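First up is the structure itself, then whatever we jot down about it.
The values are calculated or read from the model by the stated rules, or taken from the named source; none is laboratory data. Values in this document were obtained by computation on a predicted structure and should not be read as measured data. All Cβ positions, glycine included, derive from the backbone under ideal geometry; neighbour counts span all protein chains shown. Please note that ligands, DNA and RNA were not included when accessible areas were found on the heavy atoms of the full protein model with its side chains. Shrake-Rupley method; radii C 1.70, N 1.55, O 1.52, S 1.80 Å.
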Amino acid sequence: MRVPSFSLEVFPTKPEAGIDSIFSTVEQLQSVKPDYVSVTFGTGKSSDLRRTADVCNKIHERFEVPTIAHLTGLYLSKDEADIVLQAYQNAGVQGVLVLRGDKVEGREVANVFHHASDLAQYIHDNYPQFDLYGACYPQKHPDAESLDSDIDNLQYKIDAGVSRLITQLFFDNDDYERFAEKVRAKGIDLPIDIGIMPVSNAGQIRRMTSLCSATIPKSLQRIMSKWEHDPDSLRKAGFMYVCEQISELVAMDVSGIHLYTLNQPEVTKHIWQTVQPLFAQV
Ligand code: FAD
């Protein structure tokens, strides 16, 4: 049985919190010894352009963990993409998670990188040193007509150089199994790291699932309804739910688990301490 990788996602804290606030988070995550840390990117406002690179730079320098920097293309000109990619280069970033980004109401798109695949091609041609990662959606992307057409569209980013995928959150491993079977049947055999969302707050889970059109299975709905107003019990039950989800995915021989830390080191460490034996070489 293969040993999956274990990686983490963090986001740059708001400028007013100061860049250092993210380092105490990452510092506390050191005991996890992640295979890589990915750092999210905003919607490409000029004030956002260097934030992800700054965080990657410090993580790389201070903790010597490989970093994967996210980049969304929808609102970027080529010049802006170059500013960010050169900053990633200087920050020692190992790979870029190439994304389209979400549409923001009332804001004009740049009309340069329409899809993640356009940005992937640009990076592949101009910054070949980066490993390219792409997003995938076990319950389909909300814009896609069907799961099959969404999987067909994955081929565009693969043709443009993406060599590893990370999934959107999901809570029912059967959804992933169905997706993985379809992906493999279409001849796509890239490693897929599974994006796992910790369950510690019912409102937050409802908000996030509605934003990305993911579903909440009955078993998790029961947990959320029962302990909605008892945060401590919800955290405990949600923690057990997620650890079970991870152990089943490891049994399914997935390539990697990618935990969305939400910058909460305590929850992340607790999950890691519990599932760690599953990641030991046997
Ligand atoms: P695309 O791959 O472009 O797909 C979008 C839609 O277009 C899909 O329906 C797809 O089927 C279709 N499609 C794809 N390629 C083509 C093509 N060439 N021609 C025609 N149709 C096509 N957002 C942020 O703002 N910042 C982040 O840091 C961030 N991190 C993320 C990390 C992960 C792991 C995931 C899963 C999502 C993340 N997102 C982030 C959200 C992401 O930006 C949105 O989900 C966005 O709506 C789609 O991005 P994408 O790269 O999957 O788009």
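Structural remarks
- Residues of segment 245-267 that are more than 22 Å from residue 217 (Cβ to Cβ) and within 16 Å of the ligand (Cβ to nearest atom): 255, 256, 261, 263.
- Out of 188, 196, sole residue that is in contact with a His (Cβ under 9 Å, 6 or more places away or on another chain), of a type in the set (A, V, I, L, M, F, W, C), at pLDDT 95 or above and surrounded by 15 or more Cβ atoms within 10 Å (Cβ to Cβ): 196
- Looking across segment 249-276 at every residue that is part of a loop (DSSP other than H, G, I, E, B) and of a type in the set (A, V, I, L, M, F, W, C), the one that is least open to solvent (accessible area, probe 1.4 Å) is identified as 254.
- Matching residues, segment 215-246, being within 14 Å of residue 176 (Cα to Cα) and part of a helix (DSSP H, G or I): 245, 246
- Filter result for residue 67 (out of contact with any helix residue (DSSP H, G or I) (no Cβ under 6 Å at 6 or more places or on another chain), touching a residue at least 12 places away in the same chain (Cβ under 8 Å) and within 16 Å of the ligand (Cβ to nearest atom)): no
- Index of the failed condition, residue 200 passing every other in (1) within 16 Å of the ligand (Cβ to nearest atom); (2) assigned to a loop (DSSP other than H, G, I, E, B): (1)
- Top-ranked residue of segment 36-82 - restricted to ones that are under 19 Å from the mean Cα position of the chain (by Cα) and hydroxyl-bearing (Ser, Thr, Tyr), ranked as farthest from residue 126 (Cα to Cα): 36
- Restricting attention to segment 10-28, the residues being without any contact (Cβ under 8 Å) to a residue 12 or more places away in the chain and assigned to a loop (DSSP other than H, G, I, E, B) number 2.
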